[in-house]
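See structure below.
The values are calculated or read from the model by the stated rules, or taken from the named source; none is laboratory data. In this text the structure is predicted, and so the values were computed from the model without any measurement. Methodologically, a virtual Cβ is constructed for each residue, glycine included, from the backbone with ideal geometry; neighbour enumeration extends over all protein chains shown.
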Amino acid sequence: MPLVAHTQLPTFQRLQEEGEDILNPDRATHQHIRELHIGFLNIMPDAALEATERQFFRLIGACNQIAQFHVHPFTIKGLPRDAAAQAHIDQYYETFEQLKLDGLDALIISGANVTHEHLQDEDFWQPLTEVFEWAKHNVTSILCSCLATHALIQFCYGIERTRLPGKRWGVYAHKVIDRTHPLIAEINTRFDVPHSRFNEVFASDLQQRGVKILVASPEAGVHLAVSPDGFRIVYFQGHPEYDAISLMKEYKREVMRFINQETNLYPPFPEHYFNTEVQAIFNTYARHVKNALKNKHAILPFPEQEIEEFLDNTWRDTAKAVFNNWLGKVYQITNQDRRLPFMPGVNPDNPLDL
């Protein structure tokens, strides 16, 4: 069933205004339908904190119609926050300590920005691995996004991500590698996925450790993989949660860095994302920016309103299908007591063997 607005988190109101079906708690209690409790560990920086909430909540809310989804956002120490973001967290987020007591059926871990060459040097490394250590014993399945994938691949298998020569940035064509896996049942065998990262974990390294590759791209590498048991940990290296405008917002951020003279390089376009009309608009704007900076003239606003109609989302339906398959399988094997990961008879080492 739809998301349940079990707290006053503004994301629920925002999604309802966008047309999403959101249940209020009173209505939810009068439906004889099972609940699933999903933790959402949000470790994104302040500017993307609430947008990332909405992106993942949308995917969850579009899932299986035989369960009510209670999403529990929380975060960890080691992440710098400004006053507004901290106030949002203090008012609307739960604590990891309380969630450990209450239990979770599934867990999503977002991506993050980093400041060190090695992930183990990040201030959030120890708190993140503590969440993971608890979750792998107490949660049916953990879904990791981008940076979380890199961190937990390193933690579990000792594989450090590799710095790429340039940013992997754009929308790339992908192909299903293992068509029999339940996570990708009944989805397109070819589809697009956005990527945005400077680092990569490679298929060859993952396969040597028994990690199963489900979806990959000749250009962008591995997108979707699972732990050797097939389900307990789900790894996304791409960003299926992105909105149609997400990469455009990242491009705008990089342009603003150039305008503010934080970098000397005007950013290239994300690959396979802007069509010829958009590229023409942004090329004109780039010439204007460079000329204005040179002659110390006022700079016109970034022309995002002019191009939004040209931006297509070519990955959302497939992303919804994968999330639906994931939570549908969680529903089948998790214990009705959210403090226990499996119903009786499920083998944790082979949970898909029902």
Quick check on THR263: is it part of a loop (DSSP other than H, G, I, E, B), under 22 Å from the mean Cα position of the chain (by Cα) and either over 30 Å from VAL139 (Cα atoms) or in contact (Cβ under 8 Å) with a residue 40 or more places away in the chain (or both)? no
(1) outside the structural domain of PHE191 (by TED's automatic domain parsing); (2) in a helix (DSSP H, G or I) all hold for ALA319 apart from (1)
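Based on this model, can you work out whether VAL222 counts as within 19 Å of TRP315 (Cβ to Cβ), part of a strand (DSSP E or B) and out of contact with any Leu (no Cβ under 7 Å at 6 or more places or on another chain)?
Numbers: within 19 Å of TRP315 (Cβ to Cβ): yes; part of a strand (DSSP E or B): yes; out of contact with any Leu (no Cβ under 7 Å at 6 or more places or on another chain): no.
No; evaluated as a whole, the condition is false for this residue.
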If ARG179 satisfies every condition in (1) surrounded by fewer than 19 Cβ atoms within 10 Å (Cβ to Cβ); (2) out of contact with any helix residue (DSSP H, G or I) (no Cβ under 9 Å at 6 or more places or on another chain); (3) touching a residue at least 24 places away in the same chain (Cβ under 8 Å); (4) in a loop (DSSP other than H, G, I, E, B) but one, which is the exception? (3)
Search result, residues across the range 282-325 that are under 21 Å from TYR242 (Cβ atoms) and among the hydrophobic types (A, V, I, L, M, F, W, C): PHE282, PHE302, ILE307, PHE310, LEU311, TRP315, ALA319, ALA321, VAL322, PHE323
Working carefully through the options ILE108, ILE153, ILE43, find the one that is under 20 Å from the mean Cα position of the chain (by Cα) and under 20 Å from THR334 (Cα atoms). ILE108
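Residue-wise test of (1) within 20 Å of LEU49 (Cβ to Cβ); (2) in contact (Cβ under 8 Å) with a residue 24 or more places away in the chain; (3) surrounded by fewer than 17 Cβ atoms within 10 Å (Cβ to Cβ).
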{"site": "VAL222", "(1), (2), (3)": "no, no, no"}
{"site": "SER227", "(1), (2), (3)": "no, yes, no"}
{"site": "GLY230", "(1), (2), (3)": "no, yes, no"}
{"site": "VAL234", "(1), (2), (3)": "no, yes, no"}
{"site": "HIS239", "(1), (2), (3)": "yes, yes, no"}
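Quick one: how many residues across the range 63-92 are in a helix (DSSP H, G or I) and among the hydrophobic types (A, V, I, L, M, F, W, C)? Steps first, answer last, please.
Step one: filter the range 63-92 for residues in a helix (DSSP H, G or I), giving 83-92.
Imposing the further condition that a residue be among the hydrophobic types (A, V, I, L, M, F, W, C) reduces the set to 83-85, 87, 89.
So the answer is 5.
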Quick one: would you say ILE60 is in a loop (DSSP other than H, G, I, E, B), among the aliphatic types (A, V, I, L, M) and either assigned by TED's automatic domain parsing to the domain that holds ALA321 or within 19 Å of VAL234 (Cα to Cα) (or both)? no
Can you spot a residue in the range 249-256 that is assigned to a loop (DSSP other than H, G, I, E, B) and either in contact (Cβ under 8 Å) with a residue 24 or more places away in the chain or loosely packed, with under 14 Cβ neighbours inside 10 Å (or both)? no
Tell me, yes or no, whether the range 160-171 has at least one residue that is of a type in the set (Phe, Trp, Tyr), under 24 Å from THR115 (Cβ atoms), surrounded by fewer than 17 Cβ atoms within 10 Å (Cβ to Cβ) and in contact (Cβ under 8 Å) with a residue 24 or more places away in the chain. no
I'm told GLU262 meets every condition in (1) among the charged types (D, E, K, R); (2) at pLDDT 95 or above; (3) in the same structural domain as GLU50 (by TED's automatic domain parsing) except one. Can you identify the failing condition by its number? (3)
